[in-house]
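Data block below; observations after.
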Amino acid sequence: MRYADDAVLGFELRSDAERFQEALRERLGQFSLQLHEEKTRLIEFGRYAEEKRKRRGEGKPLSFDFLGFTHICTRARRNGKFQIRRQTMARRQRTKIKAIAQELKYRREQPIAEQGRWLQSVLRGYYGYYAVPLNMRALGSFRLEVTKRWYKSLCRRSHKKRLTWSKMNLHVRRWLPTPKVQHPHPEERFAARTRGKSPVR
């Protein structure tokens, strides 16, 4: 776990999850601590969640946010197999775009090349964390929004000659890298760590 106060626990049976939650609540109470009621919840999630909820006449499985990603139950288009899609949390993405737009205001008078190098480093760092499989659409949207903010900022540098999109696209291709998957699927990473061996039970 990356943070001691953030955790996702999986159980096969809901009854086990409910017992654990109650036991954890009691244990924390012994130290005058408590679970955050707004952030703590039980949801049906996983390979069979969609099928079970469908039989009960309920909607799609609920998603959850963890470590900057929204985790969603979905199926592969190619073969229909179950998969978990990790998508950048919308709130996190909006916050980051807003921060970039604010920084561009301070850098407005800098040479375009200097701004481009800064944006390039920002996007590479962002991709380094969020460029996981099945998240390319969100990263493409992020790059587009950054492009729009940069274009808007450059257009405000001078009212004499407005920057055309054809020229702006040259700057975008030069400085803003396109997102590419930089992390393997979770099962591939697990297989690499265990070298194909079964985990110890």
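Data for the structure
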quantity	calculated
Computed over the stretch 1-94, Kirkwood Rh from alpha-carbon pairs, angstrom	15.4 Å
Kirkwood-type radius of the stretch 43-88, with distances r between different C-alpha atoms, in Å	11.1 Å
Loop-exposed GluC sites (Glu not before Pro) per DSSP, neighbour cap 16 Cβ within 10 angstrom, longest uninterrupted part of the chain	110-201
The chain - percent relative contact order, Cα under 8 Å, separation 6 or more	15 percent
Hydrodynamic radius by Kirkwood, which averages 1/r over all alpha carbon pairs of the stretch 90-186, in angstrom	14.1 Å
Per-residue Cβ neighbour rank within 10 angstrom, fewest leading, 118, 165	165, 118
Square roots of 5 times each gyration tensor eigenvalue, C-alpha, the chain, largest first, Å	42, 21, 17
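The numbers here are math on the coordinates, done by the rules we state, and not lab data. Source: prediction; values computed, not measured. Cβ sites come from the backbone with ideal geometry, for glycine too, and all protein chains shown count toward neighbours.
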